[in-house]
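Here is the structure we will look at.
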Amino acid sequence: MEWIEVSVSVQREAVEATCAILMEAGAAGVAIEDPAILFQRREQPGDWDYVDIPEDANREGEIIIKAWLQQNAWLAEAIQQIKNEVAKLAEYGLDAGSCEVHSEAVEDKDWATAWKAYYKPIRVGKRLRIRPIWEESEAAPGELEIALDPGLAFGTGTHPTTQLCLRSLEDYLKPGDSFLDVGCGSGILTIAAGLLGAEPMTAVDIDELAVHSTRDNLRLNQMQDRVRIIHGNLVDQIHQPVKIVTANIVADAILRLLPDIIPLLLPQGILITSGIITTREEEIVEATLALGLHVLEVRREGDWVAVLAQKSE
């Protein structure tokens, strides 16, 4: 079977929207090639040997999003749809950049593993280390290693929104804290919470693919018996309040779910919301305050933010 690799070049602000366009066009998966992250990793002590940066790479260059479409009778129409939708990004107030779209044929065996070339072991925060299972390398003394095979589920640890959540868990989660991950994706945040001592833990996602991915990654980290995994409408099936809740989703989903999430927080419980682009920061903060939470801090990385809030007594 033949697949077509589609590459779209955009500015950081348009990454989330471009990924959505590609998935809506039928993409089997996406890989994000961000030069800024590559340079950042090379500059981190101990990580330089994991990063191969092309000589002509530019730290401030555009981000390339790659996706894979199956060769079929509707392929030409799908690619044209992508080009049309990407060309409209600027109309929505986004600094979209060049919006160049390229496509080329790849063999079936290539697309499924192509994204893995961009995914290497990385360290996040003070102690957490994320290692894709196909990479053989040793964790340093004191590091808490997350072994991960994300498949097509969101959450490899490379995206700023996930890293903001991981650092926040390091700083706020205490051993014995109960934990809920709303929109668990690959399960990376749940695994990190487990390594940091959370107990008990629940992970929930509306996407069946994400639930399978979380279950598989929990097994890789010997945590399958420590986590309740729920496939459903996020908080609909959760009734027991917890100390820490993470919701690394998107701004619109956070706004919709906030009224349902807050009753699931224990007194003094902490809510970590991320997946929020900077232009939506004020909206999320105001909604959080309006529902009675105290905003502890807003953490920022690039064009993304995480809002950390606490429930009163």
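The values are calculated or read from the model by the stated rules, or taken from the named source; none is laboratory data. The model shown is predicted, which means the values in this text are computed figures rather than measured ones. FYI the Cβ positions are ideal-geometry reconstructions off the backbone, even for glycines, and counts take in every protein chain you see.
Being within 26 Å of ARG12 (Cα to Cα), touching a strand residue (DSSP E or B) at 6+ places or on another chain (Cβ under 7 Å) and either modelled with pLDDT of 95 or more or surrounded by fewer than 18 Cβ atoms within 10 Å (Cβ to Cβ) (or both) is a condition met by at least one residue of the stretch 90-98. Going through the stretch 265-280 one residue at a time, which ones are modelled with pLDDT under 95 and touching a strand residue (DSSP E or B) at 6+ places or on another chain (Cβ under 7 Å)? Matches in the stretch 265-280: SER274, GLY275, ILE276, ILE277, THR278. Listed by first and then second residue, the pairs linking a residue in the stretch 4-22 that is under 15 Å from ILE277 (Cα atoms) to a residue that is of a type in the set (Val, Ile, Thr) and buried (at least 22 other Cβ atoms within 10 Å of the Cβ), with Cβ atoms under 8 Å apart and 6 or more places separating them unless they lie on different chains, are VAL15/ILE65; THR18/VAL8; THR18/VAL10; THR18/ILE65; THR18/VAL86; CYS19/ILE65.
Among the candidates GLY26, GLY61, GLY46, the residue that is under 24 Å from THR279 (Cα atoms), modelled with pLDDT under 80, surrounded by fewer than 18 Cβ atoms within 10 Å (Cβ to Cβ) and small (Gly, Ala, Ser) is uniquely GLY61. Restricted to the stretch 268-305, and to residues there that are in a helix (DSSP H, G or I) and among the β-branched types (Val, Ile, Thr), the residue that is nearest to ASP34 (Cα to Cα) is THR278. Inside the stretch 210-246, residues that are among the acidic types (Asp, Glu) and in a helix (DSSP H, G or I) make up a count of 2.
Once the stretch 243-262 is narrowed to residues that are closer than 12 Å to LEU293 by Cβ and more than 18 Å from the chain's Cα centre (by Cα), the residue that is surrounded by the fewest Cβ atoms within 10 Å (Cβ to Cβ) is PRO259. Entry remark, the stretch 217-241: residues being crowded, with 18+ Cβ neighbours inside 10 Å and in contact (Cβ under 8 Å) with a residue 60 or more places away in the chain number 2 in total. In the stretch 76-94, the residues that are in the same structural domain as THR279 (by TED's automatic domain parsing) form no Cβ pair under 6 Å with any partner that is of a type outside the set (D, E, K, R), whether six or more places apart or across chains. State yes or no: is GLY275 in contact with a Pro (Cβ under 8 Å, 6 or more places away or on another chain), buried (at least 21 other Cβ atoms within 10 Å of the Cβ) and assigned by TED's automatic domain parsing to the domain that holds LEU209? Spelling it out, it is not the case that GLY275 is in contact with a Pro (Cβ under 8 Å, 6 or more places away or on another chain), buried (at least 21 other Cβ atoms within 10 Å of the Cβ) and assigned by TED's automatic domain parsing to the domain that holds LEU209. Here VAL295 meets each of (1) touching a helix residue (DSSP H, G or I) at 6+ places or on another chain (Cβ under 7 Å); (2) modelled with pLDDT under 95 with one exception, condition (2).
For the stretch 280-295, the set of residues classified as within 22 Å of the chain's Cα centre (by Cα) and surrounded by 13 or more Cβ atoms within 10 Å (Cβ to Cβ) consists of ARG280, GLU281, GLU283, ILE284, VAL285, THR288, listed by residue number.
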